[in-house]
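The values are calculated or read from the model by the stated rules, or taken from the named source; none is laboratory data. Note that the structure is predicted; figures quoted are calculated from it, not measured. No Cβ is skipped: glycine too gets one built from the backbone with ideal geometry, and neighbour counts run over all protein chains shown.
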Amino acid sequence: MRSGDSDDRHSAREERQTRAYPLREYALLADGHRGGLVDPAGNVGWLCAPGWDSPAVFSSLLGGAGRYSVTPTDPRFTWGGHYESGSLIWTSRWVGTDGIVESREALAYPGDSCRLVLIRRIHALDHPAQLSVWLEPRADFGREPLRDLHRTGGTWSGRSGPLHLRFTSTARLQPTGDGAITGLVTLPAGGRHDLVLEISTVRFDRPAPDPDETWRTTERAWRSTAISLRGCLARRDATFAHTVLRGMTSPGGGMVAAATTSLPERARAGRNYDYRYVWIRDQCYAGRAAAVAGADDLLDGAVTFVRDRLLADGPRTAPAYTATGARVPDQEPLARLPGYPGGVVHIGNRVAEQFQLDVFGECLLLFGTAGRRQRLDIEAWRAVETAVAAIEHRWREPDSGMWELEPRQWTPSKLTCVAGLRSVARLAPSAQASRWTQLADTVLADAGRHGLHPSGRWQRCYDDPRVDAALLLPVVRGALPASDPRSDATRQAVFGTLAVDHHLYRFAPDERPLGDAEGAFLLCGFIAALATHQAGDPVAATRWFERNRAGCGPPGLFSEEYDVQQRQLRGNLPQAFVHALLLETAVTLSGPIGGTGFDGPIGGTGFDGPVGGTGLDGPVGRTGLDGPAGAAGQPTR
């Protein structure tokens, strides 16, 4: 081969390793403590260490220097891949001109808070193959190069910032002199090769892990967490949604909203947020979905995390925390990273400064679900009382609402509290139940006076008469019967105003056509399926479900928004609450028409109080968009 041809191949390979791919093509590796993204060229372009919200050690996704790639040297290959059932063990499959190569990879599971182990096993299926390895760890979002590098046998050791690294491979690798290790792996037909990367906050005091045993442990651990969803609609996708939620949930129960930061919702729109934290609202969604699926350990984890935050912070409970329960740091720019195309990089989030009334209602809905499964302890009941007291003292205050906008009297926030109060009142002793129901009636009456549109439907805000997709979920949760005139009118208005080809937008922020300001919200599309199912139209419900279930890429991951026109994912990846609602919807649509999967049938039988005079069982939550005209504010997600 001529040297020019070799240089061309090298350039092509480097381009594949460092370019940004459409979000739909990234796969997730996660172990509960942190998560990474793998692109089609075999590059781990994003991985934070040691925790979810730590600085990234591989940040090429956002234009940073750190990356870890294992990719065929043949520049002409097509990519595919799949997850092994019930796990986040990912296999990339490259079909080239000379044969097929697979790369099996995972974060060792269950993970360790101080030490991650990234295992990769490459396999030349039918012909000899050659792959390029490039390991360039750079802690602190690319600022800290690899240093103190030395090799003992087939193991390389070094430091990057405060992190200790160890890399084991029998391949002939060499340091580049500028903080990377690189080389080629040549495999015979049928040959395999293991690579093991360890990153730790402390020095390694034991031998490098055995690849075979690490794979066996990881496989067994994922199998032990598997759930059975017999008769479930789209069972494979629902099972995978559960797996994603599990991988994004820390041992303390905290589930991060996404594994990434600053993936833009809209190119050059300035809506780039850090989602590597635990939103209480999202946690409640995941807990309720876990209850529907029978994953009681995930439900217990959600209850524990929410319980502890309420008991610690009371009426000042924040909308979001770190995965360890600490305060979310304030947002700041990270100008040294170019960012994903169309966006700039931020770390931290302004959400800690907000008051979101609906969070307390969502907490009560979660506790009500857990209580009906006999999974509330004494401390959890203390947290119930804390949330009730917070609503009692703060429900009249303007709040930032589920979309985290300018503080106003958002109707869904009030209705969520009504729903939560009624949910726990059904489980409480008579004296408490009476007091909590009376409080729910008071809040609902206020919403009825100020948040009901003259046409008879609910409106999004006391001073904003427009509709909002968030108003669908209160009815789904059983606060009002689906046949209630207000429910029916709201559903028709939302679908008539915000739906495009069975995708649903949150609201119309201004006079621009839907889709010009933001993408459709996949969360809202699944809620539309639940609302339609509850209203007695299973065919339409299934159409909503299938349409939104298709809004992912080959690995099956969902982001927050879906660009309907370009058929692309937008925003941070993967978005946990979308997977939670997919799971809930898949199970619910498999059940009786009108059922919710939670508290028994609705339509007037699943709540206390007179029909038309009770509250709601909880709207949805999301954040991070520009507000409507006259209500812009500063979104935080």
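Points to keep in mind about this one:
- Among residues of the stretch 61-78 that are assigned to a strand (DSSP E or B), those with a beta-carbon under 6 Å from a residue that is crowded, with 18+ Cβ neighbours inside 10 Å and of a type in the set (S, T, N, Q) at least six positions away or on a different chain give the pairs Arg67/Asn43; Arg67/Ser60; Ser69/Gln17; Ser69/Asn43; Val70/Ser103; Thr71/Ser132.
- Checked against the criterion of being in the same structural domain as Ala267 (by TED's automatic domain parsing), surrounded by fewer than 24 Cβ atoms within 10 Å (Cβ to Cβ) and either at pLDDT 95 or above or among the hydrophobic types (A, V, I, L, M, F, W, C) (or both), the candidates Ala508, Ala419 yield just one match: Ala508.
- Among (1) in contact with a Lys or Arg (Cβ under 7 Å, 6 or more places away or on another chain); (2) modelled with pLDDT under 95; (3) crowded, with 23+ Cβ neighbours inside 10 Å - the single one Ala65 does not satisfy: (3)
- Of the residues making up the stretch 317-329, none is in the same structural domain as Ala433 (by TED's automatic domain parsing), crowded, with 24+ Cβ neighbours inside 10 Å, touching a Phe, Trp or Tyr at 6+ places or on another chain (Cβ under 6 Å) and farther than 24 Å from Leu573 by Cα.
- Residues satisfying the stated conditions in the stretch 511-568, i.e. of a type in the set (Ser, Thr, Tyr), free of Cβ contacts under 8 Å to residues at least 60 places away in the same chain and within 29 Å of Thr261 (Cα to Cα): Tyr562
- Criterion applied to Leu195, Leu165 was being assigned to a strand (DSSP E or B), within 12 Å of Leu146 (Cα to Cα) and among the aliphatic types (A, V, I, L, M), and the one residue passing it is Leu165.
- Flag for Arg309 being without any contact (Cβ under 8 Å) to a residue 40 or more places away in the chain, of a type in the set (D, E, K, R) and buried (at least 20 other Cβ atoms within 10 Å of the Cβ): yes
- Selected residue [surrounded by fewer than 20 Cβ atoms within 10 Å (Cβ to Cβ), in contact (Cβ under 8 Å) with a residue 24 or more places away in the chain, assigned by TED's automatic domain parsing to the domain that holds Leu173 and closer than 26 Å to Arg216 by Cα] from Pro128, Pro110, Pro145: Pro110
- Conditions (1) within 22 Å of Ser54 (Cβ to Cβ); (2) modelled with pLDDT of 95 or more; number of the one not met by Thr182: (1)
- Search result, residues across the stretch 505-525 that are more than 17 Å from the chain's Cα centre (by Cα) and closer than 20 Å to Arg281 by Cα: Tyr505, Arg506, Phe507
- The single condition among (1) over 19 Å from Thr91 (Cα atoms); (2) assigned to a strand (DSSP E or B) that Ala208 does not meet is (2).
- Among (1) in a loop (DSSP other than H, G, I, E, B); (2) modelled with pLDDT under 95; (3) of a type in the set (Val, Ile, Thr) - the single one Val467 does not satisfy: (2)
- Looking only at residues in the stretch 87-105 that are charged (D, E, K, R) and in a strand (DSSP E or B), the one that is surrounded by the fewest Cβ atoms within 10 Å (Cβ to Cβ) is Arg93.
- Test set (1) in a loop (DSSP other than H, G, I, E, B); (2) in contact (Cβ under 8 Å) with a residue 40 or more places away in the chain; (3) not aliphatic (A, V, I, L, M) - Arg24 fails condition number: (1)
- For the stretch 215-272, filtering for residues that are in a loop (DSSP other than H, G, I, E, B) and within 30 Å of Pro333 (Cβ to Cβ) leaves 20.
- The residues listed here are Leu439, Leu405; of these, the one that is buried (at least 17 other Cβ atoms within 10 Å of the Cβ) and under 30 Å from Arg373 (Cβ atoms) is Leu439.
- Set Ala295, Ala257, Ala302: member being assigned by TED's automatic domain parsing to the domain that holds Ile347, over 27 Å from Ser413 (Cβ atoms) and buried (at least 21 other Cβ atoms within 10 Å of the Cβ): Ala295
- Breaking point among (1) within 19 Å of the chain's Cα centre (by Cα); (2) within 25 Å of Val44 (Cα to Cα); (3) of a type in the set (A, V, I, L, M, F, W, C), for Ala238: (2)
- The residues listed here are Gly342, Gly348, Gly314; of these, the one that is surrounded by fewer than 18 Cβ atoms within 10 Å (Cβ to Cβ) and farther than 25 Å from Arg396 by Cα is Gly342.
- Selection status of Pro333, without any contact (Cβ under 8 Å) to a residue 40 or more places away in the chain and either buried (at least 23 other Cβ atoms within 10 Å of the Cβ) or assigned by TED's automatic domain parsing to the domain that holds Arg309 (or both): yes
- Residues of the stretch 470-487 satisfying the condition of being touching a helix residue (DSSP H, G or I) at 6+ places or on another chain (Cβ under 9 Å) and either modelled with pLDDT of 95 or more or in a helix (DSSP H, G or I) (or both): Ala470, Leu471, Leu472, Leu473, Pro474, Val475, Val476, Arg486, Ser487
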